[in-house]
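The values are calculated or read from the model by the stated rules, or taken from the named source; none is laboratory data. None of these values were measured; they are calculated from a predicted model. When we count neighbours, we look across all protein chains shown, and the Cβ atoms used for this are built from the backbone with ideal geometry, even at glycine.
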Amino acid sequence: MSGACIAFTGGGTGGHVYPGLAVIERLREHWEGRIVWIGSGKEVERSAVEAAGIEFFSIPSGKLRRSLSFRNLTDIFRIMAGYYAARKLLSELAPVLVFSKGGYVSVPPCMAAVSLGIPVFTHESDLTPGLATRLNAKRADRILVSWEKTLEYLPAGQRTKAVVTGNPVRAAIGRGDRAKGLAWLGFDAGLPVVLVLGGSQGARQVNELIAAILPGLNGLARVAHQTGPGHAPCRPADAGYKGFEFVRGEMADVLAAADIIVGRAGAGTLWEGAAAGKPMIFIPLTGSGSRGDQVDNAEMLATAGAAICLTGTAATPEALLKALLPLAGSIEKRNEMASTARKTARPDAAAAIANLMLARIQKEQTP
């Protein structure tokens, strides 16, 4: 199988890419063949994939929208172009399996793979399946989900090919060095560190809330603030605050340095925070810009006792400070939530998915 190829697809945000990279890490332990990634060409996708030493191919992609929009008419042509581009690419690559991590860019390659007789695995990180996953799942050989409860959202006919794996997390997340993280942030080992994650694309609401509560945290906690690309820090760096647009290779160390995580409730933030064993405060995305997946994710963790969820109008500076201060002031409360978070995580998810893929490939190639 050293000359064979496996194709990964998915994108739109880092949350669609990093879990796939975690699976690739484990695949490489047993797979000597070629691994490629088919994405939309967004910089957040390409840079992350190529930094991991993986070939990246971009195809035209149109966004799948649940609401009525004139752009649906124009994007349908991009989706069709993406299908034909993916079909041509897959015909040339001849992969033995296509693995989808979701996002609108994954739909044309999965459709093309099915038309060529190539097995498809699709994975869903969120509690409720997104539109791309629902479309891909119709003809996928395997539907991999992160939560047991997600099975309830699948049609009865699809549950027989569904497997609960958890969400894959990069191995480096569990190997972070707290001292290195503190040094990168410019913090000493004194007050607890609140790590604010707005996601790979930033989150204006989160940034504004943090700016509003910084005075209330003076002398009680330090804030490490990922603002998102193009968003300036709330104030100049000092002993109690460090703002930065994005974290790349240092993320594992920064997570290790954190005592509390505040941020959106995308699957990436949630599962990496759980794997790192951190108490979390979520401000999930709501309204027309969301299908409600972040609320579902956040409430699931909050119900388990691993997080606090501030949704919609409940996400005020006063409420955020009220949630933060007891955690900042009590290592016992932080440890209790951290312990629950670790129990939620599935550290073997990437290996489990890689093994399922390899077993399917071996079955395909056995006479």
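Quick one: which residue in GLU45, GLU25 is at pLDDT below 95, of a type in the set (Asp, Glu) and outside any loop (DSSP other than H, G, I, E, B)?
Values: GLU25 fails: at pLDDT below 95.
It is GLU45.
Under 6 Å by Cβ, and 6 or more places apart or on different chains, what pairs join a residue from the range 6-32 that is more than 13 Å from LYS42 (Cβ to Cβ) with one that is of a type in the set (Phe, Trp, Tyr)?
Within 6 Å, the pairs are PHE8/TRP37; PHE8/PHE99; GLY20/PHE8.
Taking GLY181 as the residue in question, decide whether it is more than 30 Å from GLU364 (Cα to Cα) and not in a loop (DSSP other than H, G, I, E, B).
When the stated conditions are applied, GLY181 passes them.
Check whether at least one residue in the range 266-282 is surrounded by fewer than 18 Cβ atoms within 10 Å (Cβ to Cβ), of a type outside the set (Gly, Ala, Ser) and either part of a loop (DSSP other than H, G, I, E, B) or in the same structural domain as LEU327 (by TED's automatic domain parsing) (or both), and report yes or no.
Here is the first cut: in the range 266-282, the residues surrounded by fewer than 18 Cβ atoms within 10 Å (Cβ to Cβ) are none.
No; the residues of the range 266-282 include none that is surrounded by fewer than 18 Cβ atoms within 10 Å (Cβ to Cβ), of a type outside the set (Gly, Ala, Ser) and either part of a loop (DSSP other than H, G, I, E, B) or in the same structural domain as LEU327 (by TED's automatic domain parsing) (or both).
Considering only the range 112-161, state which residues are of a type in the set (D, E, K, R) and either assigned to a helix (DSSP H, G or I) or in the same structural domain as VAL295 (by TED's automatic domain parsing) (or both).
Just the residues of the range 112-161 that are of a type in the set (D, E, K, R), to begin with: 124, 126, 134, 138-139, 141-142, 148-149, 152, 159, 161.
Once the filter is applied, which keeps residues that are of a type in the set (D, E, K, R) and either assigned to a helix (DSSP H, G or I) or in the same structural domain as VAL295 (by TED's automatic domain parsing) (or both), the range 112-161 yields ARG134, GLU148, LYS149, GLU152, ARG159, LYS161.
Please go through the range 220-265 and pick out each residue that is in a helix (DSSP H, G or I) and without any contact (Cβ under 8 Å) to a residue 24 or more places away in the chain.
Step one: filter the range 220-265 for residues in a helix (DSSP H, G or I), giving 251-257.
The answer is none; no residue qualifies.
If you go through the range 159-173 one residue at a time, how many are touching a Leu at 6+ places or on another chain (Cβ under 9 Å), hydroxyl-bearing (Ser, Thr, Tyr) and more than 23 Å from ALA275 (Cα to Cα)?
0
Only one of these conditions is not met by THR303: (1) under 27 Å from LEU131 (Cα atoms); (2) touching a residue at least 24 places away in the same chain (Cβ under 8 Å). Which number is it?
Answer for THR303: the failing condition is (2).
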